[in-house]
Each structure stands twice: as C-alpha cells, then as structure tokens.
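The values are calculated or read from the model by the stated rules, or taken from the named source; none is laboratory data. In this text, all values refer to a predicted model and were calculated from it rather than measured experimentally. In this analysis, Cβ positions are derived from the backbone assuming ideal geometry, glycine residues included, and neighbour counts consider all displayed protein chains.
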Amino acid sequence: MDAALKLFTERGFHGTSTAQISKEAGVATGTLFNYFPTKEDLINSLYFEVKGKLSRRMGKDIQAQSAFQDKLKKLWYNLIEWGLNNQDDFLFVGQFCSSPYISNYTREEVMKEYVFLHDLVEEGIASGEIRDYSGGLIIGMFYESSRTVVNFILSSGPEDKNKVIEDGFRIIWRGLAKN
C-alpha cells in the first residue's frame, strides 16, 4: 500500500503500472494480484484506507470541546496537522477524491466514516451558529481551504505556521458564522 501510495501520488493512475508497484514494494506481480485483482481494486482499497485515517484524525478530541466554534476549530487544526504530517496521504486524497477510478461503492463506504462531520455541520446550522448552507458545500469548502493552507505552509515555509493555520480558520469562520 505504501508503494502504491508513493507511485500514484508521483505518477498518477495511468502513469503507474502494477509492475512498478510490485517492484517498489519488493514483491512479485503475482503476489500483488493475489491481494488486488486489478489496479482499480488497489486504488479503491488505498483510498478507503487513507480516507479512514484522515477521518479518525479529523475527529480526534472533537467531542472534548463544548462550544461549536471550538469543535470546528479543533477539526481544522487536526486536518491541517494531518496534512502537514502525512503529505503523501494528503496529496493522494486531493488527487483522487474526484477520480473516476474510485468506485461509487468505495465512496459510499468512505462516507460512513464521515457521519460525525455531517452531524457537526448540522449541529452548527441547527444552533444558529453558522449559516444554513448546503452541508456538502460547507464540508467541501472546509476541506479545499485546508488544502490551500497546507500547500501554502509547505511551499512558502512561513515563520509562524500556527498564525497561518489560525488565519485560515478565521477566514472560514467569517464565511460561515451567522453573526
């Protein structure tokens, strides 16, 4: 899986052959096919694994926060830190979240890992703390904004990473908050 992740993020789906993955992993191609009959099966398994890790990290310690804004901020910090500490995974999710090679079944199974996120957005809307926008749009904007912050930090190496993360959250919050 690590070899596939590395190659898919470097070369894309079409630029990565199963022979390259096998070679990078140090296993015979036949062994790879024992576990993953097709390259599509492999990328779907990898997507499910990486998105699961992301979900668990995003949700870490969210419920320990009492105020909605604090929950959202904790989620933001978790997401950014995960992206900074797991750059290949973060890049992979960004590259393949809209890929036609990720099956509808995999997408549906992955979404089960993110129920807490949809519930959090609904909590904010129901409490009147955030505007009544589409939950999917809010989540999409939140994720894409996190990608911008992670990429900005990685590419420019700002001296105060925490200030950039905080500024990114303030931008998101100002767009969502009702007041």
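Only residues that are over 20 Å from Arg57 (Cα atoms) and surrounded by 13 or more Cβ atoms within 10 Å (Cβ to Cβ): list them for the range 136-156, please.
Phe152
Can you tell which of Leu72, Leu84 is at pLDDT 95 or above and touching a strand residue (DSSP E or B) at 6+ places or on another chain (Cβ under 9 Å)?
Leu72
If Asp61 passes every condition in (1) touching a helix residue (DSSP H, G or I) at 6+ places or on another chain (Cβ under 8 Å); (2) crowded, with 17+ Cβ neighbours inside 10 Å but one, which one does it miss?
Of (1) touching a helix residue (DSSP H, G or I) at 6+ places or on another chain (Cβ under 8 Å); (2) crowded, with 17+ Cβ neighbours inside 10 Å, only one is false for Asp61: (2).
Please specify each residue of the range 95-138 satisfying the condition of being free of Cβ contacts under 8 Å to residues at least 60 places away in the same chain, within 25 Å of Tyr47 (Cβ to Cβ) and of a type in the set (Gly, Ala, Ser).
The answer is Ser98, Ser134, Gly135, Gly136.
Rundown of residues vs (1) exposed (fewer than 15 other Cβ atoms within 10 Å of the Cβ); (2) within 14 Å of the chain's Cα centre (by Cα); (3) within 16 Å of Phe13 (Cβ to Cβ), yes/no style:
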residue: Glu81; (1), (2), (3): no, yes, no
residue: Leu91; (1), (2), (3): no, yes, yes
residue: Gly124; (1), (2), (3): no, no, no
residue: Ile130; (1), (2), (3): no, no, no
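Just to be sure I understand the filter: pairs with C-beta atoms under 9 Å, separated by 6 or more residues or on different chains, first member in the range 22-37 and among the charged types (D, E, K, R), second member outside any loop (DSSP other than H, G, I, E, B) and modelled with pLDDT of 90 or more. Which pairs pass?
Lys23/Ala3; Glu24/Asp2; Glu24/Ala3; Glu24/Ala4; Glu24/Lys6; Glu24/Leu7
Out of curiosity, is Ile172 out of contact with any His (no Cβ under 9 Å at 6 or more places or on another chain), crowded, with 16+ Cβ neighbours inside 10 Å, at pLDDT 95 or above and over 27 Å from Asp2 (Cα atoms)?
Against the criterion (out of contact with any His (no Cβ under 9 Å at 6 or more places or on another chain), crowded, with 16+ Cβ neighbours inside 10 Å, at pLDDT 95 or above and over 27 Å from Asp2 (Cα atoms)), Ile172 qualifies.
With the range 18-109 as the region, which helices (runs of 4 or more DSSP H) entirely inside it contain at least 2 residues that are of a type in the set (A, V, I, L, M, F, W, C) and within 17 Å of Ser145 (Cα to Cα)?
39-58, 68-85, 87-96
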